[in-house]
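Visitor: This is the structure, below, for whatever I ask next.
The values are calculated or read from the model by the stated rules, or taken from the named source; none is laboratory data. In this text, all values refer to a predicted model and were calculated from it rather than measured experimentally. Neighbour counts are summed over all protein chains in view; Cβ atoms, including those assigned to glycine, are modelled from backbone coordinates with ideal geometry.
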Amino acid sequence: MKYLVLGTGGVGGCMAGFLALADKDVSCIARGEHLETIKKNGLTLHSDLKKVIQSIPIKAYSGDEYMDYIRKNGESAKPDVIIVAVKGYSLQSIVPILETVSKSSTLVIPILNVFGTGKVIQEMLRGVVSVLDGCIYIQSYRQAPGYIRQIGKVFQLVYGARPEQRIPAAKQEQIAMDLRSAGIQVTVSDDVRRDTFIKWGFISAMACTGAYFDCAMEKLQRPGEERQMFCGLIRESYAIGCKLGIPMPGDYMVQNLSLIDHCKPETTTSMQKDLSNKHESEIEGMLFKMADYGRKLGVDIPTYSKVCEKFNAYR
């Protein structure tokens, strides 16, 4: 199978790097100095999981370059699987790429943090290609142009079709087997709404707490107001999930505290970094979208409201 990774930051870079190390047919789309460095020197992957620091030759393009490549080489060059690993605020910009490079059998797997992204992309594409839903558990970041750092032993991809989609289970499992052979833990979800909401609830609480206090995860890992805020946000996302009809797990709080407690103490989220550096951020999807769900569904959200009040200028 041919793979395209759209967005080669910390998450997409790990996807592309692991696939390339396993000799899969993978191309990646990147921008600027990051792209030029990958073209010149390969993608440098520093991975705890793979126990390597290695420069990996990989086919890298800008969006325009990849579309030109597909136009010149035709249907046989088009990818079978497209991993979308851009930030939520970039979705509109990738629509022309997806429309140009996909074939009718291509499956698009978005691994953004915000709940419902697959359906949003599907609607943008007006049914041109099948877009699943997905999420990912990994600690990784772009350390420098062309250099991706993966931390710890967790690299788990979860994806699946929404109930109204008619995607053969065998096709989804075929992709999973291919990815597993590259060293990626994969679950083909039997309820992708549940699994993507649970991930969203965790990363939203983590990002909002870190940004509110401008702190690393070590503050959330011990008793104090930071951990109390995280727990408050988790309780509220649990209530929102229940109102949406999602079968929320009874140990939701325990699961999320365990995830926080297993983070590296120095961990901060990309949203927090972007806000600190005055860059465009995912705050709309991480904070305001969750709060909007709460208000619309009549859920009491005092903790989310408190965070919204601090960051209201970003709407």
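Here is a yes/no grid of residues against (1) touching a Leu at 6+ places or on another chain (Cβ under 9 Å); (2) in a strand (DSSP E or B):
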{"site": "150", "(1), (2)": "yes, yes"}
{"site": "158", "(1), (2)": "no, yes"}
{"site": "179", "(1), (2)": "yes, no"}
{"site": "183", "(1), (2)": "yes, no"}
{"site": "186", "(1), (2)": "yes, yes"}
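Visitor: Take region 230-254 and flag every residue that is under 30 Å from residue 48 (Cβ atoms), touching a residue at least 40 places away in the same chain (Cβ under 8 Å) and not in a loop (DSSP other than H, G, I, E, B).
Guide: So in region 230-254, the residues under 30 Å from residue 48 (Cβ atoms) come out as 230-231, 233-234, 237, 249, 251-254.
Pick out the ones that are also touching a residue at least 40 places away in the same chain (Cβ under 8 Å) and you get 233, 237, 249, 252.
The answer is 233, 237, 252.
Visitor: Quick check on residue 313: is it part of a helix (DSSP H, G or I) and within 23 Å of the chain's Cα centre (by Cα)?
Guide: On the way: part of a helix (DSSP H, G or I): yes; within 23 Å of the chain's Cα centre (by Cα): no.
So residue 313 fails the test.
Visitor: With the checklist (1) closer than 22 Å to residue 178 by Cβ; (2) in contact with a strand residue (DSSP E or B) (Cβ under 7 Å, 6 or more places away or on another chain) in hand, flag the one item residue 23 doesn't pass.
Guide: (2)
Visitor: Right, next: May I ask you to list the residues in region 265-289 that are closer than 15 Å to residue 210 by Cβ and either in a helix (DSSP H, G or I) or free of Cβ contacts under 8 Å to residues at least 12 places away in the same chain (or both)?
Guide: 270, 271, 272, 273, 274, 275, 276, 277, 283, 286, 287, listed by residue number.
Visitor: Would you pick out the residues in region 52-102 that are basic (Lys, Arg) and modelled with pLDDT of 95 or more?
Guide: 59, 71, 72, 78
Visitor: Let me ask something additional. Taking the stated definitions as given, is residue 14 assigned to a helix (DSSP H, G or I), crowded, with 17+ Cβ neighbours inside 10 Å and of a type outside the set (A, V, I, L, M)?
Guide: Spelling it out, residue 14 is indeed assigned to a helix (DSSP H, G or I), crowded, with 17+ Cβ neighbours inside 10 Å and of a type outside the set (A, V, I, L, M).
Visitor: Tally the residues that are modelled with pLDDT of 95 or more, of a type in the set (A, V, I, L, M, F, W, C) and over 19 Å from residue 176 (Cβ atoms), restricting the search to region 122-151.
Guide: Number satisfying all stated conditions: 2.
Visitor: Another question about this same structure. Here is a list: 230, 213, 202. Which entry is among the aromatic types (Phe, Trp, Tyr) and more than 22 Å from the chain's Cα centre (by Cα)?
Guide: 213 is the lone residue from the list that is among the aromatic types (Phe, Trp, Tyr) and more than 22 Å from the chain's Cα centre (by Cα).
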